[in-house]
Amino acid sequence: MSTYDSLLDMADTMIQESGYQGFSYADLANGLGIRKASIHYHFPTKTDLGIAYCERKETRLLQMEEKLLGVPAGKARLGAYIEAFAYCAQKGQMCGVHAMLSDSNLFEPSLQDAVSKLAQTDLRIVADVLRSGRETGELEFSADPEDLAIIVNCAVKGALMLNRVPPHNACERMKVVVQQLFS
């Protein structure tokens, strides 16, 4: 694996565990056993790293969306969206998108734009999952799918944060309740 990819992988872990503001280039260098100069070679500033991180997350969200399209529309697809974030719960991590959002008011405008685009993609995917489920008649709701996507997205990502503290069952409880909302 290239140093560039290793840096983004380590940044992903650190962002999901501590938030974007919760780590430094020194932490990355120590985690990978490299010099800070090696990081600056690939990402001259932390903003450059953050933008590359957002671009990578965007690609991964779009890949997830492709996989979701292979799942029957309705409860199964909604469940698959929720399950896509189960790995975070197992590791005690936050969603990387929401971890970036929590610090975004402190970012330079270019990074704020990248985070905003990432969050909008995530919301669009959830809205499409809900819309397609309603079209099949399997998900019943009267609200606008875009508005309901905010609620579902916040429930999923909020549960990840709540799951980090005892009794560590917020994600499991959220899964049950979100599915019940559409019965």
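The values are calculated or read from the model by the stated rules, or taken from the named source; none is laboratory data. Note that the structure is predicted; figures quoted are calculated from it, not measured. Glycine also receives a Cβ, built like all others from the backbone with ideal geometry; neighbour counts cover every protein chain displayed.
Can you find a residue in segment 110-129 that is in contact with a helix residue (DSSP H, G or I) (Cβ under 9 Å, 6 or more places away or on another chain), surrounded by fewer than 18 Cβ atoms within 10 Å (Cβ to Cβ) and in a loop (DSSP other than H, G, I, E, B)? So far as segment 110-129 goes, no, none of its residues is in contact with a helix residue (DSSP H, G or I) (Cβ under 9 Å, 6 or more places away or on another chain), surrounded by fewer than 18 Cβ atoms within 10 Å (Cβ to Cβ) and in a loop (DSSP other than H, G, I, E, B).
Taking the condition at pLDDT below 95 and either farther than 30 Å from residue 48 by Cβ or surrounded by fewer than 19 Cβ atoms within 10 Å (Cβ to Cβ) (or both), does residue 148 pass? Working first, answer last.
Numbers: at pLDDT below 95: no; either farther than 30 Å from residue 48 by Cβ or surrounded by fewer than 19 Cβ atoms within 10 Å (Cβ to Cβ) (or both): yes.
For residue 148, the condition - at pLDDT below 95 and either farther than 30 Å from residue 48 by Cβ or surrounded by fewer than 19 Cβ atoms within 10 Å (Cβ to Cβ) (or both) - is not met.
Of all the listed residues (6, 24), the sole one being surrounded by fewer than 16 Cβ atoms within 10 Å (Cβ to Cβ) and free of Cβ contacts under 8 Å to residues at least 60 places away in the same chain is 24. Kindly check whether there is at least one residue in segment 166-183 that is in a loop (DSSP other than H, G, I, E, B) and small (Gly, Ala, Ser). There is at least one residue in segment 166-183 that is in a loop (DSSP other than H, G, I, E, B) and small (Gly, Ala, Ser). Residue 133 fulfils the conditions (1) surrounded by 13 or more Cβ atoms within 10 Å (Cβ to Cβ); (2) under 17 Å from residue 16 (Cα atoms); (3) not hydroxyl-bearing (Ser, Thr, Tyr) except for a single criterion, (2).
Taking the numbered list (1) within 19 Å of the chain's Cα centre (by Cα); (2) without any contact (Cβ under 8 Å) to a residue 60 or more places away in the chain in turn, residue 45 passes all entries but (1).
Scanning segment 70-99 for residues that are over 18 Å from residue 60 (Cα atoms), assigned to a loop (DSSP other than H, G, I, E, B) and more than 14 Å from the chain's Cα centre (by Cα) yields 72, 73, 74.
Determine whether segment 66-74 contains at least one residue that is touching a Leu at 6+ places or on another chain (Cβ under 6 Å), of a type in the set (Lys, Arg) and under 25 Å from residue 98 (Cβ atoms). The answer is no; no qualifying residue exists.
Look through segment 59-102, keep the residues that are among the acidic types (Asp, Glu) and surrounded by fewer than 17 Cβ atoms within 10 Å (Cβ to Cβ), and return whichever of them is farthest from residue 174 (Cα to Cα).
Top of the filtered list is 66.
State yes or no: is residue 20 at pLDDT 95 or above, on the phi < 0 side of the Ramachandran plot and within 15 Å of the chain's Cα centre (by Cα)? Considered against the rule, which asks whether it is at pLDDT 95 or above, on the phi < 0 side of the Ramachandran plot and within 15 Å of the chain's Cα centre (by Cα), residue 20 comes out as yes.
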